[in-house]
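K.L.:
First the structure, which I've put down as structure tokens, then a few questions once you've had a look.
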Amino acid sequence: MKSSKEIINHIVSKPSMKKAAHHRCFLKLKSLLPKRLQESILFIYKKNRTLFFVLNHPGVKMEFNYKVSLINTLLNKIKEVDEKCADLDIKNIKTFVSNKIYENDSSFWENSAPYYKERSKGEFKNLAKNEDIRKILEEIRETIKNGNRA
């Protein structure tokens with residue numbers, strides 16, 4: 001009885017599934033890149049002996065352009081190590097930023113948002129005369145105290 005991994009490898013090795021095999025190589029290449037670059041890649045594809053990286057931010061595009069030699073080196077190493085990727089015929093590497101906004105791509109913005117530690121200890125006088133405002137200030141005090149414990 002063959003395992004599911006063997007069955008998938010057999011299917012992908014067929015000539016008609018060459019794009020799927022190349023996609024596996026591209027995912028392998030992506031996994032070897034630094035984490036910051038991995039997170040910024042939306043997808044990778046090959047067209048006319050050129051490997052395209054579609055990115056989500058212009059600043060990352062500049063960083064990618066500086067690391068083209070690293071990507072070429074990794075690509076050559078993948079060809080040496082994995083015989084399934086040996087037939088990749090890539091001469092150029094290009095990057096561009098997608099003009100579409102993807103809803104599931106919020107991780108980039110979450111990681112870039114600054115985080116500030118609360119400096120207040122919640123020790124202040126509540127001089128409010130209005131009862132509603134007094135309650136709101138007490139809720140703020142509790143939020144500050146709970147935030148410092150975490």
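K.L.:
Taking the simple approach of a point 7 Å from Cα along Cα-to-Cβ for both residue 140 and residue 48, what is their distance in nm?
P.N.:
6.1 nm
K.L.:
Net charge near residue 120: determine it from the other residues with C-beta under 11 Å of the C-beta of residue 120, scoring Lys and Arg +1 and Asp and Glu -1.
P.N.:
+3
K.L.:
If you count, for each residue, the other Cβ atoms within 10 Å and average over each peptide, how do 81-93, 55-67 line up from highest to lowest?
P.N.:
Highest mean packing first, the order is 55-67, 81-93.
K.L.:
Determine the distance separating the Cα centre of the stretch 121-140 from the Cα centre of the stretch 66-98; give it in Å without decimals.
P.N.:
The stretch 121-140 and the stretch 66-98 have Cα centres spaced 61 Å from each other.
K.L.:
Could you please report the charge total around residue 28, scoring K, R as +1 and D, E as -1 over all other residues with beta-carbon less than 12 angstrom from its beta-carbon?
P.N.:
+4
No value in this document is a laboratory result; all are computed from the given coordinates. Everything numeric here is computed off the predicted structure, so don't read it as measured data. Don't worry about glycine lacking a Cβ; one is built from the backbone with ideal geometry, like all the others, and counts go over all protein chains shown.
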